[in-house]
Amino acid sequence: MAKRLLIVAHAPSDNTRAMRDAAERGARSETGIEVVVRPPLEAGPDDVLAAQAVILGTTENLGYMSGALKDFFDRSYNPLLERTQGLPCAVYIRAGSDGTGTRRGIDTILTGLRWRQVQEPLLCKGPWQPGFVAQCEELGAAMAAGLAAGIF
């Protein structure tokens, strides 16, 4: 049975869609991994329970994560609380400012869930840079490779 990598990413613009698509493309570069992509408003606890790892993507909105990702956590937190401890995850943030509040908010929730961030959050901050897309693709590939190799 293939291992599943879930990508839950808020992508309201062409640039953030390019980032989400790059994370997916990177993840799909690894054979033997099933990649499922869901917008936060459509993702829920069952999607997480069916996955062996998760990538979370969000924009920085007023110094916090997107309302869509917060909604995902609001609906999923309690059903997942005692069932997904140690779940490997990675985060990317498209921050027009510095991403500090966004990262802090996500870190707090992930700590409560006891999920394991397998790398530092990817902060794509400041004015748009085409390099953000390559960074997201690398993140997706690294997550899929780690999952396939049994590293996490």
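How many residues does segment 36-50 hold that are crowded, with 23+ Cβ neighbours inside 10 Å and either of a type in the set (G, A, S) or in contact (Cβ under 8 Å) with a residue 60 or more places away in the chain (or both)?
The number of residues fulfilling the criteria is 1.
Name the residues in segment 65-78 that are surrounded by fewer than 17 Cβ atoms within 10 Å (Cβ to Cβ) and either touching a Leu at 6+ places or on another chain (Cβ under 8 Å) or more than 17 Å from G112 (Cα to Cα) (or both), would you?
Scanning segment 65-78 gives G67, D71, Y77.
State all residues of segment 51-64 that are surrounded by 20 or more Cβ atoms within 10 Å (Cβ to Cβ) and over 12 Å from T102 (Cβ atoms); if no residue qualifies, say none.
Residues satisfying the conditions are A51, A53, V54, I55.
Pairs, please: C-beta under 6 Å, at least 6 apart or cross-chain, first residue under 15 Å from R116 (Cβ atoms) and assigned to a loop (DSSP other than H, G, I, E, B) and in segment 135-152, second at pLDDT 95 or above and not hydroxyl-bearing (S, T, Y)?
Partner pairs satisfying both residue conditions: F152/P88; F152/V118; F152/G146.
Select from segment 94-134 the residues that are in a helix (DSSP H, G or I), surrounded by 15 or more Cβ atoms within 10 Å (Cβ to Cβ) and not β-branched (V, I, T) and list them in ascending order.
The answer is G101, R103, G105, L110, L113, F132.
Can you find even one residue in segment 56-68 that is over 24 Å from S13 (Cβ atoms), in contact (Cβ under 8 Å) with a residue 40 or more places away in the chain and not basic (K, R)?
No: zero hits.
Could you tell me whether segment 13-30 includes any residue that is within 15 Å of the chain's Cα centre (by Cα) and more than 24 Å from G131 (Cβ to Cβ)?
No.
Return the residues of segment 32-74 that are within 19 Å of G105 (Cα to Cα), touching a strand residue (DSSP E or B) at 6+ places or on another chain (Cβ under 8 Å) and among the charged types (D, E, K, R); say none if nothing qualifies.
Scanning segment 32-74 gives E60, K70.
Identify, from the list F72, F152, the residue that is under 25 Å from R28 (Cα atoms) and at pLDDT below 95.
The match here is F152.
R83 is checked against (1) of a type outside the set (V, I, T); (2) over 17 Å from G112 (Cβ atoms); (3) modelled with pLDDT of 95 or more and fails just one. What number does that condition carry?
Of the numbered conditions (1) of a type outside the set (V, I, T); (2) over 17 Å from G112 (Cβ atoms); (3) modelled with pLDDT of 95 or more, the odd one out for R83 is (2).
Could you say which residue among Y64, Y77, Y92 is among the hydroxyl-bearing types (S, T, Y), within 12 Å of the chain's Cα centre (by Cα) and modelled with pLDDT of 95 or more?
Within the list Y64, Y77, Y92, the selection yields Y92.
The values are calculated or read from the model by the stated rules, or taken from the named source; none is laboratory data. It should be emphasised that the depicted structure is a prediction, and the values quoted were computed from it without experimental measurement. Cβ sites come from the backbone with ideal geometry, for glycine too, and all protein chains shown count toward neighbours.
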